[in-house]
Amino acid sequence: MSGKNCVVPLAILIIIGLFASDIVQVSAQQECGINVSNIETQCLKFVGKSGPEVPPSQGCCAALNAVDLKCACKYLTDDLLRKLADKISEEKVVFVAKSCGVKLPPGGKCASFKF
């Protein structure tokens, strides 16, 4: 699995929380059971551009692993993904996803990413 593909699960959730409209947030929360504010609170500090790479908390990992990624992918677009690039560190996102053991559904796709 490439580094870019590891970014997808966490990026989906952060993008929905930070950049999507309220309507998209509500839809993602209701349809996919995503607790966007919990994920932002628990995980954003581990993937920000500034600061050192720090292992994610148990709360962050629990929040990420509770998400139905296949459902959440419906809300990710390439445009939203581009907006994320200046807010988070891709390397940290990969580190957090791997540290948390986030599983990607085989044959899935989010925006232009395939996994």
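The values are calculated or read from the model by the stated rules, or taken from the named source; none is laboratory data. Every value quoted in this text rests on a predicted model; they were computed, and no experiment measured them. Cβ placement follows ideal geometry from the backbone for every residue including glycine, while neighbour counts extend to all protein chains displayed. For the accessible areas, the whole protein counts, side chains as well, though only heavy atoms, and no ligand, DNA or RNA atoms are used. Shrake-Rupley method; radii C 1.70, N 1.55, O 1.52, S 1.80 Å.
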Taking the range 75-90 and the residues there that are in a helix (DSSP H, G or I) and touching a residue at least 40 places away in the same chain (Cβ under 8 Å), the one that is most open to solvent (accessible area, probe 1.4 Å) would be Lys83
The residue that is least open to solvent (accessible area, probe 1.4 Å), considering only those in the range 25-49 that are at pLDDT below 80 and not in a helix (DSSP H, G or I), is Ile34
Over the range 55-69, the set of residues touching a Phe, Trp or Tyr at 6+ places or on another chain (Cβ under 9 Å), surrounded by 13 or more Cβ atoms within 10 Å (Cβ to Cβ) and outside any helix (DSSP H, G or I) is Pro56, Ser57
(request) Would you check if Pro9 is at pLDDT 75 or above and either closer than 13 Å to Val94 by Cα or not β-branched (Val, Ile, Thr) (or both)? (result) no
